[in-house]
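Shown next, in structure tokens, is the structure this report addresses.
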Amino acid sequence: MTSESEDVLRRRTAHADFRKRLLQQKELDAQVWAVRENLRAAKKEYGKTEDDLKSLQSIGQIIGEVLRPLDNKCVIVKAIGPRYLVGCCSTVDKENLTSGTRVVLDMTTLTIMRALPREVSGYFCASIGNL
């Protein structure tokens, strides 16, 4: 009988140890998941920063306004003077290029490099700040 009671005791301790280690594993999995989420967010922020730096280091760029999208490849853009029939960089979402959208054109190739947010008057922003 003592051997049976020793077996039962060993099984119970082994089962308790197993459950304890299983809980530790779950906690470690949650920590790994959180670290991976932080890494994804950091990579996304790093990519945005790199893009901003590239745009600052590039040659001059022209700001224009989309007059009319013709198809998925060509768009008519009005810059400072003339109107241009331009293409679009592959990173730009072509669905967002509607009439009136402000865009940045590469000075050498006249390719749309990115879409800009709407232009807001400084007077308008100052009046909101006084409210």
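A short reminder: the numbers here are calculations on the coordinates, not readings from a lab. All values derive from a computational prediction rather than experimental measurement. Cβ placement follows ideal geometry from the backbone for every residue including glycine, while neighbour counts extend to all protein chains displayed.
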- Item | Stretchable slack from LYS73 to VAL8, in nm (0.36 nm times residue separation minus alpha-carbon distance) | 15.9 nm
- Report, in debye and to the nearest 20, how large the dipole of region 60-115 comes out about its Cα centre when Lys and Arg carry +1 and Asp and Glu carry -1 on their Cβ. 120
- Query: Distance from the Cα centre of region 72-100 to that of region 28-43, in angstrom?
  - Reply: 38
- Message: For a quick check, take a GNM of the chain with Cα springs below 10 Å and name the residue from ARG11, ARG83, ARG36 with the largest mean-square fluctuation.
- Response: ARG11
- Between VAL77, VAL35, VAL104, which gets the highest mean-square fluctuation from a Gaussian network model of the chain, Cα cutoff 10 Å? VAL35
- Query: Mind checking which of ALA79, ALA30, ALA115 has the largest fluctuation in a GNM of the chain, springs on alpha carbons under 10 Å?
  - Reply: ALA30
- Query: Hey, what number do you get for the chain at 222 nm if only DSSP H runs of n ≥ 4 count, each worth -39500 (n - 2.57), divided across all residues, to the nearest 500?
  - Reply: -17500 deg cm²/dmol
- Sites LEU28 and ARG102 - FRET efficiency at Förster radius 41 Å, r taken between beta-carbons, to 0.05: 0.25
- Query: Rounded to the nearest 0.05, what FRET efficiency is calculated for LYS20 and LYS43 with R0 set to 25 Å and r the Cβ-Cβ distance?
  - Reply: 0.10
- Query: With each pseudo-label sitting 7 Å past Cα toward Cβ, what's the ARG118-ARG83 distance in nm, one decimal?
  - Reply: 2.3
- Message: Spelling out what I want: for every residue of region 6-19, take phi, set θ = phi - 60°, compute 6.51 cos²θ - 1.76 cosθ + 1.60 (Karplus), and round to whole Hz; glycine and proline get x.
- Response: 5, 5, 5, 5, 5, 4, 5, 5, 5, 5, 5, 5, 4, 5
